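Worksheet for the structure shown next.
Every read-out reported here was derived from the displayed coordinates using simple, explicitly stated rules and does not represent laboratory data. Bear in mind the structure is a predicted one, so any value in this text is a computation, not a measurement. Glycine gets a Cβ as well: all are built from the backbone with ideal geometry, and neighbour counts include every protein chain shown.
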Amino acid sequence: MLNLNKSFKIINYSFLIKNVIRNYGSNKSIPTIITKPKENIKNINEIKETKIKIKNNNNNNDHSTENSLVVKKFNNSHIMERDPQDRSLSLKQYFEKLADRGDVDRMLQVARRMPERRTAYAYDKLIFACSKAHKFNQSWKIYNDMKKDNIKPSIHVFGNLVDICNHSTSIDSNKIQERVNKIIEEIDKYQVPVSINFFNILMKTMITIGNNDQAITMIDKMKDSGIRPDITSYTTWIKAISEKYLADNYLNKKELIKELNKPNKNTSEMDELRAEGNKQIDFYMTLVKKVKMAQISPDRYFINTILNACKQTKNPSGVFQVWDTLKEMRFTQHLNPDTKTYDILISTCNNIDDFDKSLEIFEEIFSKNIRPDIHLVNNMFRTCLRIASCRKISKKENLDEEIIINRIIDYMSAYSLQPNEESFSVLISTYSKLKNYVKVYELLLEMKELNISPNIKHYSGIISSFSKDTEKCLEILRICVSQKIVLTPDFISNVQKSISRHKGDVEQFSKLLREHDSYAIEKKIKNK
């Protein structure tokens, strides 16, 4: 606009000069300002000089305008560094968008241009971004900068600092515990009121680092602080109790389930274990009723967490007792089972070998068109493997594993779900149990088409089906060694049993085993 106005002024002066000269040489009356010839010429010269000055000024102004545009362009160069869709955002809007992305380094650059760069708002957003990006060390540095600027932190800041601890899985648990202790000291120092959200995050962090005992005490600490636990609090608390039980019984969990499932096992020791399992189920049932009485609305995550906790007890079949109770209770009727719910129910059936219940749940899944994930499908395949492993039961019940498998595959295809390594491992083991070697071979070819390399799990499934054929057992061992696959003790034991029982080539077996041991030791050293 400025250049156009100046150009307009120049045109007006030029027209005036031309008009005066034209009138001077004509018979037309001359305006009174040019009645005297000398003065007229002088005035004309002055006008010409004015024209020259204006032009010079105009040129100077053009340069200054050009310079101002360059400066403006230079000052806005940081905007051009943004993504095209972010260039229309204000500094504050862009700062907040970077926080959601967890781009801490870029935020620190943007903050230099913001008037709010040393405010509670800026530090809160920076620490929030650190929680998004799991910046364990950088978050504490920013927090210390906040203290240097004499800004009092809020409980939201402390919540984000604890959340960073929860997601920093690569950091040593002792270091995380030390950081959590410092955060709690800072809360006491600044006398910041604690929120329920902070307690929930803190509880999750304690579970993450394996401090389940402290996590379990959080519910009582909430109540002592005058805070009413919500559904997230109870869900996390249940998870802490379940994780503690798993940690205490990790080594004998599988053996315990096998013993409990034996129908003729009626010793006093087993009775005590079953009684303890019933108490655990009763505890979870009481908790559900307690949540209902407190008028706390449950969600699917709460339902699935409590079912999974029941599955881990010494009475796994209690899952169905709790599930039936939940379905009968009005306050959970609006919550339909999802993929995770059915996954828990089927895996429980597999643990207790309740095939009838498994197939009943299968039919429910198919009829309700539940969208599957690969974990659910693999557990459905495992049911088929369990049935194939118990051939006496499957024959008695007239169960056809291959028909069931085909229905599961059709179910997968309906939702365009692709198998993974685990899917092939379970299916190869199943068809090996059924002695359907053609299917095993077809599965290996399909793996090749999908660029999935067989691992020791796949070969273990195959080796079990060739236990009487020592030549094939040695051939499979030879393939594993050629691919430098580290063998499991069970795999080696199965091959060894086959060789010894059916008089196989012991020398060839020993040679392959020595070759395996040489590269297995090298891999073990590298992984340290």
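Odds and ends about this structure:
- Kirkwood hydrodynamic radius (C-alpha pairs) into Stokes-Einstein, the range 74-199, 4 °C and 1.567 mPa s, D in µm²/s: 84
- The modelled label-to-label distance between Thr119 and Asn150, using points 7 Å beyond Cα along the C-beta direction, is 1.8 nm.
- Look at where the Cα atoms of the range 453-522 and of the range 326-369 average out, and the two centres are 39 Å apart.
- Reported to the nearest whole Å, the Cα centre-to-centre distance from the range 417-441 to the range 98-115 is 51.
- Pairs of Cα atoms in the range 336-453 fall into 10 Å distance bins, from 0 up to the last occupied one, in shares of 13, 47, 33, 7, 0 percent.
- Each label was represented as a point 7 Å from its Cα along the Cα-to-Cβ direction; for Leu246 and Thr325 these points are 2.2 nm apart.
- Estimated inter-spin distance, Asn197 and His334, nm [label 7 Å along Cα→Cβ]: 2.3
- Residue among Ile374, Ile303, Cys384 farthest towards the positive dipole end of the range 300-386, charges placed on Cβ: Ile303
- In this structure, the pairs whose alpha-carbon distance is over 27 Å, taken from Lys433/Lys472; Lys125/Lys147; Lys132/Lys524; Lys135/Lys223, are Lys132/Lys524; Lys135/Lys223.
- Relative to the current alpha-carbon distance between Glu276 and His375, full extension at 0.36 nm per residue lengthens the span by 32.6 nm.
- For the range 128-137, the Karplus equation 6.51 cos²θ - 1.76 cosθ + 1.60, evaluated at θ = phi - 60°, returns couplings of 4, 5, 4, 5, 5, 9, 6, 8, 5, 6 Hz by residue, with Gly and Pro reported as x.
- Residues Thr286, Thr341 arranged by fewest to most Cβ contacts within 10 Å: Thr286, Thr341
- Residue list for the range 213-229, given a label point 7 angstrom along the Cα-to-Cβ vector of Tyr301 and an amide N cut-off under 12 Å: none
- Hypothetical label at Glu442: residues of the range 402-417 whose amide nitrogen lies under 14 Å (7 Å Cα-Cβ projection): 402-410
- Among Val192, Val440, a tally of other beta-carbon atoms within 10 Å of each Cβ gives an order, fewest to most, of Val192, Val440.
- Thr313 long-range amide H proximity, modeled H, under 5 Å: none
- Viscosity 1.306 mPa s, 10 °C: Kirkwood-radius Stokes-Einstein D of the range 455-528 over Cα pairs, µm²/s: 129
- Its relative contact order, with pairs defined as Cα atoms under 8 Å and 6+ residues apart, puts the range 455-528 at 34 percent.
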